Structure formats: C-alpha cells, structure tokens
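Notes follow the structure.
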Amino acid sequence: MGNKSLFKSLAMITKYPYETYYCKIAKSVMMNNKGLVIPAKALNCGYEPGDENLSEAALQQRIFMHHWNTYKDERGRLYHNNNNSHSRKKGAIMKGQGVVAGVADLTYLYLDDDLCGRVAYLEVKLPGERQSQKQKEWQKTVDCLGFDYFIICSIADFEAIRDMLVG
C-alpha cells in the first residue's frame with residue numbers, strides 16, 4: 001500500500017459541524033452542535049453524496065481503510081472476521097474450522113486508560129438495517145464476558161467509538 005492514502009476523502013469525518021461522541025446510556029453515537037444533541041443516525045452523519053448506494057461490504061472497506069491510513073501505528077489491530085462463504089461446500093468447511101454465526105464484522109484491539117489490552121467488536125450496518133437474531137445472541141455473549149460491542153454505520157461512528165475507547 002505504500003504511503004499513498006487509499007481513502008478517497010479523509011475530510012469525511014471533519015466536514016460536519018458537529019462534535020461526535022458515543023453515549024453509553026443511549027448506546028448510540030451522538031452529535032452535538034451548539035448545545036443541541038442529536039443521534040448521529042438521524043443526521044446520516046459520515047456520508048458523502050452517493051454513499052446511499054454503498055453496500056455493507058463497501059462501507060466496511062471504507063472504515064477499515066480510514067483506520068489503516070489514519071492510524072498507521074495501529075495497523076493490524078482492526079481486522080475483519082471472515083464469516084461468509086461463497087458456496088455451501090466452503091461454508092461447511094469454514095464451520096468446521098470454527099466460524100460461528102453472528103460474529104461481528106470487525107475486531108478492534110486497543111489499550112485502555114490503564115494500558116491493559118482490550119477487545120471491541122464492531123458490527124457494520126447500513127443506516128436502517130437491523131441485526132439478525134444470531135448477531136443479537138452473539139452480542140449478548142460478548143456483553144456477558146465484559147467485552148465491548150458496537151454497531152457502526154459510518155466512519156464518524158467508528159471515530160466516536162475509537163475516541164471513547166482510547167481517549
């Protein structure tokens with residue numbers, strides 16, 4: 001990949017006049033503009049014209065590339081969990097190798113305030129899409145074990161969550 005940035009618009013997360021943060025109580029990314037707090041999903045924040053036609057895979061790729069190009073010292077700490085197969089036969093092989101239905105799309109490894117290694121699971125969804133039942137069950141497992149789990153719909157979501165996790 002070299003030094004060339006592959007992400008087409010690094011300004012995507014800064015072009016909106018809102019402060020972005022993750023609200024633990026609402027379990028949602030929130031935007032704050034001059035004292036007005038609004039859920040980020042209500043603003044479709046983090047998107048550019050034409051992004052409404054993105055697939056979930058393309059959105060996930062943008063989030064990954066944004067992280068790769070912005071946080072070079074963290075390369076390899078955000079990665080995809082390959083949980084989809086292209087054929088029934090390959091799916092059976094993958095299941096035998098340990099693929100579990102419902103596992104989050106991305107795993108993010110980070111250090112908390114005490115410099116302890118932590119794990120966050122990130123489920124990428126397009127705005128308006130919902131988790132499957134298997135994804136909800138897996139989230140419950142993750143939550144019960146004390147790990148972090150977030151649903152993200154944009155680069156702005158990722159940035160807000162990352163800021164909350166690593167400060």
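Bear in mind that the values in this text are calculations on the coordinates, not laboratory data. Here the structure is a predicted model, which is why all the values come from computation and not from measurement. With ideal geometry, Cβ positions are generated from the backbone for all residues, glycine too; neighbour counts draw on all protein chains shown.
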Between T107 and Q131, the two model label points (7 Å from Cα along the beta-carbon direction) sit apart by a distance in nm of 1.8 nm
Quick one: if the Förster radius is 22 Å, what FRET efficiency do F147 and N53 give, using the C-beta to C-beta distance and rounding to 0.05?
0.10
At a threshold of 8 angstrom on Cα-Cα distance, excluding pairs fewer than six apart, so keeping six or more, what relative contact order does segment 104-155 reach in percent?
37 percent
From the Cα centre of segment 133-147 to that of segment 92-127, the distance in Å is 11 Å
